[in-house]
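Visitor: Below are the structure tokens for one structure; questions will follow.
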Amino acid sequence: MAQPSAVRDLTGGPGPGESNPSAAVDEPAGDVDKLRDQAAQIADSMVQLVHLFGSLKSRMIASADPDALPVFALVKLVREGPLRAKELAEHLCADPSTVSRQVAALVKAGLIERKADPDDGRASILVVTPSGRDRVAEHYVNRGHVIGPVISDWSDEERGTFLRLLTRYTERMTTHRDDLLTAMVSPSTVGASAAPRADAVAQFHPPTSRQPSRLQSSTERFN
């Protein structure tokens, strides 16, 4: 069964509407296996990273000053541009009432302002002020100081390569988010005809180990 376009595009194949001059040439089975193995390892690393940042964020929020300004909402407005409060809540995957309180705090601090929606005069949109943009710039500087030690022993070339590839990966994940969600919800539609290789299965079932397999750990992280 053919793979969704997002899966083909993310693995280096042609994206939607693109032609593939070498489509008539079968890709060697070894290359396909290597691609799938690497894709699975990348996915596993990303899941671990997401959980790590989620844990750090939860601890930071729990220990933060309750009166501190909601920087996350401010950053989202800078990235996405003017939004209605409802749209901001959707982007943040947050409860509208919570976002409403955050917006009120940001307006009071002069970091955002409400303006009439040009598409609907009865509604208002949230616009970041120059002071708000300065606060976000300060936030990014602070974030750089925090993350800096993690990559301090990397070469400039390594950091540049990682940034370039991670940015590219994130952009493709965002572009094909709906297709990826469909593939994750219905995994049987992706590569249904591909049987797992013996060596790939063996690494998840060590014959003498009683510890949970990597596959089990990965599944638990998704649940």
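Visitor: How many of the residues in region 104-120 are loosely packed, with under 11 Cβ neighbours inside 10 Å and either part of a loop (DSSP other than H, G, I, E, B) or within 30 Å of the chain's Cα centre (by Cα) (or both)?
Guide: Residues meeting the conditions: 2.
Visitor: In region 121-130, which residue that is over 28 Å from the mean Cα position of the chain (by Cα) and surrounded by fewer than 14 Cβ atoms within 10 Å (Cβ to Cβ) is modelled with the lowest pLDDT?
Guide: Checked region 121-130; the qualifying residue modelled with the lowest pLDDT is 121.
Visitor: Restricting the search to region 138-186, which residues are farther than 19 Å from residue 53 by Cβ, of a type in the set (Asp, Glu) and in a helix (DSSP H, G or I)?
Guide: 138, 156, 157, 158, 178, 179
Visitor: Additional query: Going by the conditions given, is residue 87 surrounded by 11 or more Cβ atoms within 10 Å (Cβ to Cβ), acidic (Asp, Glu) and more than 26 Å from residue 49 (Cα to Cα)?
Guide: Taking the combined requirement at face value, the residue satisfies it.
The values are calculated or read from the model by the stated rules, or taken from the named source; none is laboratory data. Because the structure is predicted, anything quoted here is derived from the model rather than measured. Backbone-built Cβ (ideal geometry, glycine too); neighbour counts: all protein chains shown.
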